[in-house]
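The structure under discussion appears below in the form of structure tokens.
The values are calculated or read from the model by the stated rules, or taken from the named source; none is laboratory data. Predicted, not measured: the structure shown is a model, and the values here were computed from it. Here the Cβ positions follow ideal geometry from the backbone for every residue, glycine too, while neighbour counts run over all protein chains shown.
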Amino acid sequence: MTVIVLRKHTHWVVFYFCLLAGVLIFEHPLYAQAPTLREALAEVLPSDTTAHDRFFNQLAAAEKFDDTTRNLLILWRNEELMLYTDAAGKAIPVSIDTPDANGKSHLFSVATGQALNDAAGAPVLAEASALTPIDSDATLRKKIQRAMDLADISSANPDTRKLAARKLGTSQRKENLSLLEARLLKESDKSVRKSLAEACALIRLTDFSSPKTQIAAANELAELDCLGATEALRALAANDQMDISVRKAAAKAQKSIRDYKDLVNFFGTIFRGTSLGSILLVAALGLAVTFGLMGIINMAHGEMITVGAYAAYVVENIFRNGLALSPLGIPISIPGMHAGEGLFQWYFAVAIPVSFCAAALAGLIIERLVICHLYQRALESLLATWGISLVLQQLFRVVFGANNVQVNSPSWLMGNFTVSDVTLGYNRLFVIAFAVLIVVGTWLLLSKTRLGLLIRSVTQDRDMAACMGVPTRRVNMLTFAFGSGLAGLAGAFLSQIGNVGPGLGQNFIVDNFMTVVVGGVGSIVGTVISALSIGISDQVLQQILESPVLGKIMVLIAIILFLQWKPSGLFPTRSRSLDS
């Protein structure tokens with residue numbers, strides 16, 4: 001009968017047996033929960049060098065390495081950790097905060113991170129002189145730094161892992177190789193795997209006992225296009241005591257990487273030239289329309305760029321800490337707005353239309369007061385607008401000061417990313433993308449709207465358009481304001497790339513006119529091609545000639561020769577107003 005009952009409840013018997021066995025096993029000290037890194041650190045701080053080395057090995061092999069542990073190691077390295085002896089005579093590693101008025105500080109346990117309390121539960125306060133400092137010598141500080149670098153290759157942040165791998169590889173210390181190889185087997189991120197492989201190859205490059213290993217490492221570095229290996233390969237190739245095959249492999253790998261570096265620099269230069277050409281395009285686009293329509297040589301067009309840049313500066317300051325430009329010196333600001341707050345990060349979205357409107361308004365005032373009296377009088381318009389540019393520059397100095405001012409970029413325009421080692425900045429990408437939108441918008445305005453139809457009619461034949469009832473003076477006014485507004489947008493973009501000063505526009509006025517003339521007066525397509533060509537050529541020639549001045553001179557000579565061949569530009573616009 002007993003056997004039958006046991007068979008009937010066999011599954012329950014097995015369950016309770018397994019449960020009892022599990023409790024007994026996991027209560028064994030061997031299976032006790034491992035101490036955290038900070039608990040292990042607190043245990044070894046008062047110990048000797050052997051215990052320190054054991055902790056560093058544990059730290060290097062750790063799968064997780066948080067910022068708290070890093071901060072404690074930095075405090076240890078800087079000799080800012082102390083030993084506090086409690087009432088029972090136990091030495092407790094602690095960190096301290098800023099002393100109060102009495103010179104006493106709160107104590108925080110290294111093991112738990114919690115504030116120490118006495119038997120009554122009150123926080124423990126002590127003077128730094130009453131504590132025993134935990135000293136660190138040069139050797140210990142090097143060990144701490146190396147342990148932190150090794151632990152960083154297990155960080156949750158891929159960028160941190162990548163930087164740590166590059167740093168360890170550059171050190172070329174053989175003792176790091178095994179840990180890097182172990183991490184390489186676990187790594188899933190492609191870019192981090194490449195950095196780890198480069199680090200391993202750089203370390204193997206120093207294995208002087210095995211020429212085959214060195215040759216394989218040199219070949220691997222060449223295949224990985226490791227830009228950081230150039231110096232190590234150069235030193236190896238120049239070492240007369242090395243095996244000739246190793247020297248040849250190093251020289252070959254160095255040449256391969258140098259060729260790859262030249263290719264990276266070329267595409268980086270093309271990208272920078274495209275961003276510069278985009279700014280030039282936005283600034284010259286309005287000049288192309290106004291110059292083609294009215295025949296006015298506007299030497300104050302550069303100051304419209306400066307107006308847009310300063311408008312972005314004003315908006316940025318209003319969103320940040322306020323701007324004391326009012327007559328009474330009272331800061332103009334948005335209550336509760338600071339540079340670190342989320343809404344500040346979108347100030348540039350407000351600055352873009354403000355820059356356009358400010359420059360357009362300035363252009364409208366200039367056209368109504370001066371330009372409207374100088375149509376068909378090119379020389380007088382040139383002199384008048386040149387005088388206006390001087391007046392505006394002095395006005396900028398009076399209002400904003402003679403020194404350059406800096407416009408802080410929002411976080412979403414800062415930083416960059418890489419594509420095949422070519423660095424692409426977010427601010428330059430934004431400029432390129434926005435320039436495309438502006439070109440498309442201008443084309444739609446001129447080809448799909450009534451205002452565009454009126455502008456084209458006045459451009460083709462001003463007198464005939466006037467006879468057909470087209471308000472030519474109003475069209476001139478709106479076109480001039482639109483062109484000035486585009487220059488203001490270019491100034492807003494320039495504020496995100498460099499500093500803003502009273503003479504900012506003068507740096508671009510000559511380039512703007514060259515862009516318009518080379519592309520063909522009044523031609524949008526010609527302006528686009530001309531702006532990008534001039535911007536890219538300028539950057540490429542500066543890279544080749546290794547001199548910004550010589551690069552600009554060569555671009556200017558090329559433009560002069562081109563205009564000798566095609567005086568009307570790439571896409572000349574045929575119209576009676578221009579021919580007259």
Subset of region 220-249 [touching a residue at least 12 places away in the same chain (Cβ under 8 Å), within 15 Å of residue 206 (Cβ to Cβ) and either among the acidic types (Asp, Glu) or part of a helix (DSSP H, G or I) (or both)]: 220, 221, 228, 229, 232, 233, 234, 236, 237, 243, 246, 249
task: Using the structure shown, decide if residue 252 is modelled with pLDDT of 85 or more and over 30 Å from residue 511 (Cβ atoms).
output: yes
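Please specify each residue of region 438-452 satisfying the condition of being without any contact (Cβ under 8 Å) to a residue 40 or more places away in the chain and farther than 18 Å from residue 471 by Cα.
Start the filter on region 438-452 by keeping residues that are without any contact (Cβ under 8 Å) to a residue 40 or more places away in the chain, which leaves 440-441, 444-445, 447-452.
Within region 438-452, 440, 441, 444, 447, 448 meet the criteria.
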message: Criterion first (at pLDDT below 80, more than 17 Å from residue 312 (Cβ to Cβ), crowded, with 16+ Cβ neighbours inside 10 Å and small (Gly, Ala, Ser)) does residue 457 satisfy it?
response: yes
statement: Here the residues within region 106-156 that are surrounded by 11 or more Cβ atoms within 10 Å (Cβ to Cβ) and polar (S, T, N, Q) are 109, 112, 117, 132, 136, 145, 154, 155
- prompt: Does at least one position in region 177-184 carry a residue that is small (Gly, Ala, Ser), assigned to a helix (DSSP H, G or I), out of contact with any helix residue (DSSP H, G or I) (no Cβ under 8 Å at 6 or more places or on another chain) and not assigned by TED's automatic domain parsing to the domain that holds residue 420?
  reply: yes
task: Output yes when any residue across region 511-525 is under 29 Å from the mean Cα position of the chain (by Cα), assigned by TED's automatic domain parsing to the domain that holds residue 404, in a helix (DSSP H, G or I) and closer than 28 Å to residue 408 by Cα, and no when none is.
output: yes
- prompt: How many of the residues making up region 297-311 are over 13 Å from residue 393 (Cα atoms) and surrounded by fewer than 24 Cβ atoms within 10 Å (Cβ to Cβ)?
  reply: 1
task: Answer yes if at least one residue in region 244-253 is more than 24 Å from residue 420 (Cβ to Cβ), of a type in the set (D, E, K, R) and touching a helix residue (DSSP H, G or I) at 6+ places or on another chain (Cβ under 7 Å), and no otherwise.
output: yes
task: Could you please tell me which pairs satisfy a Cβ distance under 7 Å, a separation of 6+ or placement on different chains, a first residue in region 113-141 that is over 19 Å from residue 39 (Cα atoms), and a second residue that is polar (S, T, N, Q) and not in a loop (DSSP other than H, G, I, E, B)?
output: 123/117; 124/117; 125/105; 126/105; 128/105
- line: Residue pairs qualifying under the 7 Å Cβ cut-off, at least six apart or on distinct chains, with the first in region 462-487 being closer than 12 Å to residue 287 by Cβ and crowded, with 23+ Cβ neighbours inside 10 Å and the second being among the β-branched types (Val, Ile, Thr) and at pLDDT 80 or above, are 480/371; 486/282; 486/438; 487/305
- request: Taking residue 564 as meeting all but one of (1) touching a helix residue (DSSP H, G or I) at 6+ places or on another chain (Cβ under 8 Å); (2) assigned to a helix (DSSP H, G or I); (3) modelled with pLDDT under 75, write down the number of the exception.
  value: (1)
message: residue 214 - would you say it is outside any helix (DSSP H, G or I) and out of contact with any Pro (no Cβ under 8 Å at 6 or more places or on another chain)?
response: no
